[in-house]
1. Helix 34-45: angle to the longest alpha-carbon principal axis of the chain, degrees 0 to 90, nearest 10?
2. Specify which residue in the list Met12, Val117, Ala37 is farthest towards the positive end of the charge dipole of the chain, using unit charges on the beta carbon of Lys, Arg (+1) and Asp, Glu (-1), about the Cα centre.
3. Relative contact order for the chain: what percent, with Cα pairs under 8 Å and sequence separation of 6 or more?
4. Would you mind working out the magnitude of the charge dipole of the chain relative to its Cα centre, with +1 at each Lys and Arg C-beta and -1 at each Asp and Glu C-beta, to the nearest 20 Debye?
5. Distance in nm between label sites at Glu23 and Ala120, each 7 Å beyond Cα in the beta-carbon direction?
6. Quick one: helix 96-105 against the long Cα principal axis of the chain, what's the angle to the nearest 10°, folded into 0 to 90?
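Nothing in this text is a laboratory measurement; each read-out follows from the coordinates by a stated rule. The shown structure was predicted, so the numbers you read here are calculated from the model rather than taken from an experiment. Positions of Cβ are backbone-derived with ideal geometry, glycine not excepted, and every protein chain shown enters the neighbour counts.
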Amino acid sequence: MRQELICITCPMGCRLVAERTGEGELVVSGNRCPRGAAYAREELFAPKRTVTATCRVSRPCAGDRSCAAAETASQALDAPRRVPVRTSAAFPKDRVPELLARLYELEVELPVERGAVVLADALGTGIDVLATRSLK
Ligand code: SF4
């Protein structure tokens, strides 16, 4: 097996070549530093990606007329209906569709602060999903 990759760990963008030896060992060349070899191993055996998405938001209702008033046409049209989110760390690539499905069914109650955890321990990975914008 021979695979060419571009290391995206830093702006140098080294062109890597990963080859598996007869003994099953992975040999990486073209990297200017050890992080390139680590990147190639991860990319080939357990690729991960930072995931960004948006989630629906809900506004708390006080159960009185002010709630109904808040839903007047102008306010409802001007208010953001989704909050942008991202994972707190790179997420297993093969589980990204499952995570996105979970995020698209999630409803985040306002107000929410930038950096707040909107989904803890996403899919049991230990990775949180954070709001990237404050919304009231
Ligand atoms: S191998 Fe090292 S120097 Fe090259 S892009 Fe990766 S991190 Fe940067």
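1. 70 degrees
2. My answer, from the dipole projection, is Met12.
3. 20 percent.
4. Using Cβ point charges on Lys, Arg, Asp and Glu, the chain gives about 400 debye.
5. It is 4.6 nm.
6. 0 degrees
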